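S.K.: Pasting a structure below so you can have a look.
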Amino acid sequence: MNLLYVADPLEHFKIYKDTTFAMMREAQRRGHRIAACEPCDLHWQRGGVVQARVRWIELSGGGPEWFTETTLETAALKDFDGVLMRKDPPFDAEFIYATHLLEQAEREGAHVFNRPAALRDHPEKLAIMEWPQFIAPTLVTRSAQEIRRFHDEHRDIILKPLDGMGGMGIFRVQADGLNLGSIIETLNKGGAQTVMVQRYLPEIVDGDKRVLVIGGKPVPYCLARVPQGNDIRGNLAAGARGEARPLTAADRATAEAMGPTLAPRGLLLIGLDIIGTHITEINVTSPTCFQEITEQSGCDVAALFQDALEAAIKAF
C-alpha cells in the first residue's frame with residue numbers, strides 16, 4: 001500500500017515517543033510505502049483534484065537522521081491507498097480549512113483517516129456533550145455570571161479554554177474562590193470566548209487515563225498520566241508521569257459503549273481521557289501514547305492500529 005501521512009514537520013518529531021512515527025514504522029515493517037506532507041502542502045485548483053507536495057521517505061533507524069527522503073513530488077491524494085490526518089492541535093481555522101480540502105479529496109476517491117467531517121464534528125472538549133452519562137458536572141459558557149453560579153454550586157472547579165492542548169490554560173479554583181474573577185477574564189476575554197468548566201475530580205491524583213479505541217474496540221491497556229508535585233494537570237507535556245495499566249472494567253465498559261457509535265462515523269482512532277470513571281475529553285485529531293503503552297505493557301498498539309487501517313482500506 002501507498003500511505004500518506006499529513007502531519008507536522010518530520011524534522012520536529014520526537015521519535016522516542018511520537019505516535020505517528022510508530023505508525024510509520026509499523027507500516028514500513030509490513031512493506032508499505034510511506035509519504036508525508038504538511039497541511040500547508042495541500043492544494044486544489046478548478047479542473048483538477050486535491051494534490052500535495054509529498055516527501056517519499058524510508059525510515060532508517062533512530063537518532064536525528066531517522067528517515068531518508070527518496071523522492072519529492074506532487075501527487076493526487078486519491079492515488080494513495082490511505083491518507084492519515086495526523087496534524088497535532090491546535091484545532092484552529094487552518095486545521096478546519098485542511099479538513100475541507102481533505103473532504104474534497106474524499107469526493108474524488110481518497111480514503112482519509114480519521115474522516116475530515118468527523119474531525120470537524122467532534123471538537124475534542126465539546127464532543128463529550130453527546131455522552132452526559134459518562135461525564136462529571138460540566139458547564140460550557142461565555143458568561144462570567146454562569147461560571148460564578150457553577151462555582152457556588154460545586155465549590156471546587158476546573159476551568160479551561162476550548163482550544164487548549166497539553167494542559168495549557170487549565171486553572172483550578174477551590175472553595176475560597178481565589179482569583180476566580182481574574183481567571184474568568186483571562187479565559188473568556190470579556191465574554192468573547194467560550195470556556196469549559198467542570199467539577200474538580202479528586203481522582204486525578206491517580207492519573208488522567210488515555211484509553212485508546214481503534215476501529216471501535218478498546219486497546220487492552222491505557223496510559224495513566226499522573227500529575228507530579230503541586231501540578232494538577234494530567235498531561236505528559238505538563239510533566240505528568242505516564243504509567244501503562246490494564247483497563248479497568250469500568251473503563252472498558254465506557255469504551256465499548258462509545259466505540260461502536262463513533263467508529264462508523266469515520267473515527268478509526270480515538271483517545272478517551274478518563275479521570276476516575278468520568279470522561280473529560282474525546283481526542284480525535286492525533287491521539288497519542290502508542291509507544292508509552294507498548295514499551296511498558298508489551299501490547300503492540302501500532303500493530304493493532306495498522307491491522308484496523310488495512311481492514312478499513314480494504315472495506316472501501
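S.K.: When region 1-58 is examined, which residues are found to be assigned to a helix (DSSP H, G or I) and aliphatic (A, V, I, L, M)?
M.R.: 10, 22, 23, 24, 27
S.K.: Out of all the residues in region 137-186, which are closer than 22 Å to residue 240 by Cα and part of a loop (DSSP other than H, G, I, E, B)?
M.R.: 156, 162, 163, 164, 165, 166, 167, 168, 169, 170, 174
S.K.: From the list 215, 239, 181, which one is over 22 Å from residue 128 (Cα atoms), of a type in the set (Gly, Ala, Ser), surrounded by fewer than 18 Cβ atoms within 10 Å (Cβ to Cβ) and at pLDDT 95 or above?
M.R.: 181
S.K.: Which pairs turn up if I take residues in region 49-71 that are farther than 20 Å from residue 26 by Cβ and polar (S, T, N, Q) and look for partners that are at pLDDT 95 or above and exposed (fewer than 12 other Cβ atoms within 10 Å of the Cβ) with beta carbon separation below 8 Å, at least 6 apart in sequence or on another chain?
M.R.: These pairs meet every condition: 51/74.
S.K.: Could you pull out the residue among 124, 106, 65 that is within 23 Å of residue 215 (Cα to Cα), charged (D, E, K, R) and assigned to a loop (DSSP other than H, G, I, E, B)?
M.R.: Result: 124 is the single residue among 124, 106, 65 that is within 23 Å of residue 215 (Cα to Cα), charged (D, E, K, R) and assigned to a loop (DSSP other than H, G, I, E, B).
S.K.: Being over 30 Å from residue 308 (Cα atoms) and either surrounded by fewer than 16 Cβ atoms within 10 Å (Cβ to Cβ) or over 21 Å from the mean Cα position of the chain (by Cα) (or both), is that true of even one residue in region 126-139?
M.R.: yes
S.K.: Moving on. Filter region 211-245 for residues that are part of a strand (DSSP E or B) and closer than 30 Å to residue 148 by Cα and give the result.
M.R.: Listed by number, the residues that qualify are 225, 226.
The values are calculated or read from the model by the stated rules, or taken from the named source; none is laboratory data. Quick caveat: nothing in here was measured; it's all calculated off a predicted structure. Cβ sites come from the backbone with ideal geometry, for glycine too, and all protein chains shown count toward neighbours.
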